[in-house]
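A short write-up of the structure that comes next.
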Amino acid sequence: MQIIQAFVDHINFIGAVALFLIGLHTVVTKKNLIKRIMGLNIMGTSIFLFLVAIGNVTGGVPPILQQDPNVNYINPIPSVLILTGIVVVVSMTVYSLSLTIKIYEMYGTINQDELTYLIREEEIHD
Amino acid sequence: MINQLPIINMLIFLATALIIPLLSKRTFKITLIFGFIMLLCVVTSSFFLIFHIAEHGAILYQFGGHDSKIGIEFKVDLMAAIIGLFVVGLTTIIYIYSCGDETEGVEQKEYGRYYILLFIILFAILGIIYTNDLFNAYVFMEIISITTCSIISIKRKKETYAASFRYVMLNEIGSLSYLFGVALIYMVTGYTNIDWVSQSIQSIWQLYSINIIIALGFMIVGIGIKAAIFPFHIWLPDAHASAPSSSSAILSSIIVKVYIVVLIKLLFKVFKLDILNHFHVSTILVIVAATGMIMGSIFAIAQKDIKRMLGYSSISQIGYIVMGIAMFSSLGLASAMFHIISHGLMKAALFLSVGIVIYKKKIKKKNDFEGLAYEMPITMSVFTIAALGMIGIPLTSGFISKLTLGMASLDHRQGYLIIIVVLSGLLNVIYYLPIIISSFLKSEPNTYHPFKIEKVPWPMLTSVILLGIGILTFGIFPNLIMNMITQAAELFGLI
């Protein structure tokens, strides 16, 4: 029973770590380049979820100044950090997608195995 | 005024990157001269900064006047100032080279863009060196990642795209791991500022040891991927081999080192010795570094393409630096910092002299170097000096860094590490010496004309000669910088 209680209490953190591992698994094992980029995005999202979960205060309200002095505010700093993080991950995604387009134009494939094969073939021809 | 100097240095680079596109209608020479003047300004101010900091102590700068608990803070200590000057100075020399090379393989209209990327990289590097904030370091890391990937893929060739895609993927995994570590530390301490984090982490680490060990692991792995520390090196040889020569020099001798600086900050400013000794970080790092030193050299022996060989050699040299750090002693840190500088000079000299050979003769295989010294005496002389430095022959700066590393390992009562240093040096001999021998000795000497200098653009030769002189100077008079470095290493409060 205690285990279930602990699980429910920390569901945000467990979810974040699970997402991180799913993302890492996708990046490392999938052969399709676009799927790997998606994996990176999942990893990024998991960390943002983690940071949001850290900043949360039970029963807190959004950090906008209110008349009532007894109100608990949630911590705004992690949310601000995430804003920066989101921008960074988006730009990385855009850049790697544009690289994928170029790779498709050059090699005609976005499969990692075929790509490695084609590159090795060219090296032998040199 | 003097407090603003680090920020002004960064702003100069950012402004230069923004002004270069405005100059695109004029002849390209104006852009080159403009960039060079800006670099010289920053070199001068970095010199000034070092002397000021050595006398008056570290500079603290809070952005927008916010308190360091919530705002971003820059802290320029002696190490940051030394590494900053090294980065800017070395980039200036490589910049001179790239003026003559016209950055091989890059299309005419892309030249401007190449220099924009270069200045943004410099901006981010100075930021990452000066910053005193873990999250801010992450942002600068990402700026470096994106610009570096673009500088690799700027040659519109097939293989560069695949290489830079691999680089993006691994770098992004690295930065996200680092960010995860920052999040875990924030969870425990509630700060991202390095000083406050280390203060509060010292008092609570026994309560939250699981958080700390996971954060430490994630951050070291993340930085390890970006700095190409041995098991995470697979992106490096491809990326370095396919980039234009001047950017391979920048990648290998500067950008990889910047992450090592982050590692030093992380270990000795954030976590400090108590935590590191409790989790046996020293042992892990020594094992990783020793494997890297040996395996990097063994991989390098097997390469045919000379730039790939230099890339693998970088991996083994990074092993030296990490080993110096892993001693956790003042002398070890000093040797690591000296090797950052000396390897920067030597690897830049190697990449640039190989770049001249590629520019002139269009050869990339290391078997084609036969008799080359008769045609290109200056280039091959500098190549030889740098290669001997890599091996660790006296009179070169590589000897001094190996000597200091050996002394540090004796001090640390780990004398057996000297065996690894010597073994790695011998392996370096195996792949550098055949090139030197075949280029100087294997040819019909009747084609030899004494005092005939190769016909390549003068900026390329000037920069290569400057690097050669630098290697010899630091080899013969190491105390020029060694005193300063020892002083900087002692500030970290190690034994």
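The values are calculated or read from the model by the stated rules, or taken from the named source; none is laboratory data. None of these values were measured; they are calculated from a predicted model. Note that each Cβ is placed from the backbone with ideal geometry, even for glycine, and that neighbours are counted across all protein chains shown. For accessibility, only protein heavy atoms count, side chains too; no ligands or nucleic acids. Shrake-Rupley method; radii C 1.70, N 1.55, O 1.52, S 1.80 Å.
Quick notes on this one:
- Each of B:I301 and B:T27 was given a label point 7 Å from its Cα along the Cα-to-Cβ line. The distance between the two points is 5.3 nm.
- A versus B: buried accessible surface, summed, Å² (probe 1.4 Å, to nearest 100): 3200 Å²
- Net dipole in debye of chain A [+1 Lys, Arg Cβ; -1 Asp, Glu Cβ; about Cα centre; nearest 20]: 260 debye
- With the simple model of a label 7 Å out from the Cα in the direction of the Cβ, B:L395 to A:M1 spans 8.3 nm.
- Calculated FRET value between B:K157 and A:D113, using beta carbons and R₀ = 22 Å, to 0.05: 0.55
- Computed on chain B, with alpha-carbon pairs under 8 angstrom and 6+ residues apart, the relative contact order is 15 percent.
- Pairwise centroid distance, computed over Cα atoms, of region B:1-19 with region B:108-171, Å: 19 Å
- With the simple spin-label model, which puts each label point 7 Å out from Cα in the Cβ direction, the B:I453 to B:Q206 separation comes to 6.8 nm.
- Shape of chain A, Cα gyration tensor, a/c cut at 1.5: oblate
- Helix B:458-476 vs. chain B, principal-axis angle (Cα, 0 to 90°, nearest 10): 60 degrees
- Out-of-range pairs (alpha-carbon distance over 31 Å; input B:K226/B:K307; A:K31/B:K158; A:K31/B:K272; B:K69/B:K272): A:K31/B:K272
- Stretched out straight at 0.36 nm per residue, the stretch from B:T462 to B:L423 would grow longer than its current Cα-Cα span by 10.6 nm.
- Nearest-ten-degree value, helix B:78-101 long axis tilted from longest Cα axis of chain B: 30 degrees
- Prolate is the label for region B:280-495, because the ratio a/c of its alpha-carbon gyration tensor axes (a ≥ b ≥ c) is 1.5 or higher and a/b is greater than b/c.
- Largest GNM mean-square fluctuation among A:N70, A:N111, A:N12, using chain A with Cα springs under 10 Å: A:N70.
- Magnitude of the charge dipole for the protein assembly as shown, about its Cα centre and with charges confined to Cβ atoms of Lys, Arg (+1) and Asp, Glu (-1), is about 1060 debye.
- Accessible carbon and sulfur surface of the protein assembly as shown relative to its total accessible area, %, 1.4 Å: 67 percent
- Solvent exposure of region A:2-125, expressed per residue, is 61 Å² of accessible area, with all protein chains present and a 1.4 angstrom probe.
- Cα Rg, Dmax, chain B, angstrom units: 21.8, 77
- Computed on protein heavy atoms with a 1.4 Å probe, the accessible areas place B:M327, B:M484 in the order B:M484, B:M327, largest first.
- Percent RCO, i.e. relative contact order, over chain A, from Cα pairs under 8 Å lying at least 6 residues apart: 22 percent
- Relative to the longest principal axis of the Cα atoms of chain B, the long axis of helix B:209-227 makes an angle of roughly 10 degrees.
- Interface residues of region B:106-152, defined as those with an accessible-area decrease of at least 50 Å² between the chain by itself and the complete set of protein chains (probe 1.4 Å), are B:F135, B:I146.
- Subtracting the Cα-Cα distance of B:H66 and B:L491 from their residue separation scaled by 0.36 nm leaves 150.4 nm.
- Whole-Å distance, taken between Cα centres, linking region B:321-339 and region B:74-92: 18 Å
- On a per residue basis, region B:280-495 carries 40 Å² of accessible surface, using protein heavy atoms and a 1.4 Å probe.
- When the Cα positions of B:I59, B:F474, B:W205 are compared along the charge dipole of chain B, B:F474 comes out farthest toward the positive end, with charges on each C-beta of Lys, Arg, Asp and Glu.
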